[in-house]
Amino acid sequence: MLGLCIVVGSLLLPKALFGDPDGPKYFPLLVGAVMAVMSLVDFGMEWKKRRENQGLSARLKAGRAPRLLIGSILISLVYSFIFEKAGFLVSTILFLGAELFLVNGRRKWLANILVAVLFTLALWYAFARLLGINLP
Amino acid sequence: MDLLQGFHAALLPMNIFYVIMGGFLGTVVGMLPGLGPSAGVAVLIPLTFGMNPASALILMSSVYYGAMYGGSRSSILLNTPGDAAAIASCFDGYPLAKKGMGGQALAISAIASLIGGMIATVGFIFFIRPLANFALDFGSAEYFLLYLFAILTITALAKGSMVRGIISMTIGLFISTIGIDIQTSVYRFTFGIPNFYNGLDFVVIVIGIYAIGEVLYNFLTIDVTKAVKGAEVGRVWINKDEWRRSRAPIFRGGLLGFIVGVLPAGGATIASMMSYSMEKQLSKHPEEFGKGAIEGLAAPEAANNAASVGGLIPLLAMGIPGTATTAVMMGAFVMIGLKPGPLLFQQNQGMVATLVDSMFIGNAFLVILNLVLVKLLVKVLDIPSGILYPIILALSFVGAYTLNFSTVDFYLLVLFGVVGLFMKLLQYPIAPMILPLVVGKDMEQNFRRTVSGDHGNIGAFFDSPISIALVVMIVATLLSPLITGWIGKRRKVTKS
């Protein structure tokens, strides 16, 4: 389970070596080394008591959690992709609406749509009009 | 420091408006679960674009201490602290509210916060000058060690293991090395993405980890945690007897909070916890604590606010943030074009005076806000989480966009949201990662300057008395878990 941070730690080391002259690489190298050593220590400590950590995957799979997590991440990625193409108003209304339907449920559709549209308009007004920030 | 002149600037209608707006937004942000002070300050940074520096400073600070006020509203009424610093306010605040004394609890917390904040502001005036002068003597070796010490103390005090704290720290330091190296213009870890050339924006990371990570984390339990009905709020005021009981604890809490807040890595969470246990030990009837003792609410509330004002001292005088939130504040200052540190005082005296005066005004305003409008404010807590979380997500994205006008930041937000989720799940402390994001670049430069000034010799870190003292403190911090573990074992042995 904690192999993840070992991977990060060891991936870091070869990359840290990659700076050209000597100057810029010492510090990342030091940081990478400390990270790798500490990850090993942490891994060793975790290994001893690995039984305790089995609750983690159970928590990630409980109830609506997987649907909400994966759904939200996907919606966010789509939002990132269309934000500049579709413009702020359209994409944010869609994003907020999709999130609301996902989290708040389909039965409260009227509230969801109202919140999505009104909140987006309020945000747009605050940023574009009051603060003079350009939104696409 | 010319305080009178400062008042002149602080009392400009525009600046008063910013104090009030910042305090209000801060309170709301602090109350909401899922948006603590760190993420709150980060999301609100775009508001300051285009303002003059003094106004921006005033706004950010008022958001900051407003969030500290807000955090305890939900502690008292719902038993869910808005941020870690407000945990101690749950112990007696919620029992008080359950007894039907919610109004008194809110009132005492507002009054205690005011007095705590005022004590700390007065202390601020006295201590910030000497500290800034002291910091002028610091060379690059001292600065590097001081940064390291601040981060390690946070690591040692954070929940979870020291080892994991250090891993978090190295992640933060690593991220800070992304971008073009300042000394040699070498591209480091940019993966050929132009947006990475100037480094990753720490605000994006903070919003990702704190706001988005927190929302994702809450999704895990969204169906388990039922909507809590807020306790009834009665008359928001206190009588003479209650004031008599809480007077001394407030002043003690305020003083303690200020001292703890000034220490690097002290912070409001520790201050409020310490003052709670201090009052419990001093009290003639400790058995009432935890069941709604008004002293048990008054002291940590005063300490909490005093510490958050106190925390601004090392930040402004030395450029050392003591907590994740002050680290975000420091980043905000840098974005505005103010570099916190001793030079800030030489160059921008008037601005600092204005800030101090605005803190007096802000604290006074927040009490009025919290006493008069509190019934309206707590309505925010009634927003169903199904609507609140999507709104926080949207706000995070738009807030992040306005920083660089680039959707590359959106992908980073999602990435760090997931990172934040897993760090929380695996109990990796987050604060040790946030701090290096802000000071990491300075740390590296100071490190390299020290080492190259001494021809690659590490001995340069032991040259002055200050740096030797810092090295000793760093070693002690690193060993502290071992020492406390050893003492604990010995106690067990002697007991058996």
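Every read-out reported here was derived from the displayed coordinates using simple, explicitly stated rules and does not represent laboratory data. If you're wondering where the values come from, they're calculated on a predicted model, not measured in any experiment. Don't worry about glycine lacking a Cβ; one is built from the backbone with ideal geometry, like all the others, and counts go over all protein chains shown.
Note on region A:63-130: dipole from Cβ charges, positive end direction compared against A:Leu102, A:Leu74, A:Thr120; the farthest Cα belongs to A:Leu102.
Taking all Cα pairs closer than 8 Å and separated by 6 or more residues, the relative contact order of region A:63-130 comes to 30 percent.
Applying 1/(1 + (r/R0)^6) with R0 = 60 Å to the Cβ-Cβ distance of A:Val78 and B:Ser277 gives a FRET efficiency near 0.75. Put in order of Cβ neighbour count within 10 Å, fewest first, the listed residues B:Val475, B:Val419, B:Val19 become B:Val475, B:Val419, B:Val19. When each of B:Asp137, B:Asp92, B:Asp463 is scored by the number of other beta-carbon atoms lying within 10 Å, the sequence from fewest to most is B:Asp137, B:Asp463, B:Asp92. Simple spin-label model, 7 Å along Cα-to-Cβ: A:Lys85 to B:Leu343 in nm? Reported label-point gap for A:Lys85 and B:Leu343 is 4.6 nm.
Charge dipole of region A:63-130 (Cα centre as origin; +1 on each Lys and Arg Cβ, -1 on each Asp and Glu Cβ, all else neutral): 260 debye, rounded to the nearest 20. Averaging the sequence gap over all C-alpha pairs within less than 8 Å and six or more residues apart, then dividing by the number of residues, gives region B:51-153 a relative contact order of 15 percent. Can you tell me the FRET efficiency between B:Leu136 and A:Arg107 if r is taken as the Cβ-Cβ distance and R0 is 56 Å, rounded to the nearest 0.05? It comes out at approximately 0.30. Here's the picture: charge each Lys and Arg Cβ at +1 and each Asp and Glu Cβ at -1 in region B:295-449, and of B:Ser358, B:Thr323, B:Val414 the one pushed furthest to the positive end of that dipole is B:Val414.
Between the beta carbons of B:Phe17 and B:Thr221, assuming R0 = 45 Å, the FRET efficiency works out to 0.70 to the nearest 0.05. The simple spin-label model puts a point 7 Å past each Cα toward its Cβ; for B:Val471 and B:Phe49 those points are separated by 4.6 nm.
Each label was represented as a point 7 Å from its Cα along the Cα-to-Cβ direction; for B:Asn239 and B:Val122 these points are 3.0 nm apart. Name the shape class, rounded, prolate or oblate, that the alpha-carbon gyration tensor gives for region B:317-406, where a ≥ b ≥ c are the square roots of its eigenvalues, rounded holds for a/c under 1.5, and otherwise prolate holds if a/b is larger than b/c and oblate otherwise. Oblate is the answer for region B:317-406, as a/c is 1.5 or above yet b/c matches or exceeds a/b. Counting other Cβ atoms within 10 Å as a rough exposure proxy, the listed residues A:Ser76, B:Ser406, B:Ser61 run B:Ser406, A:Ser76, B:Ser61 from fewest neighbours to most.
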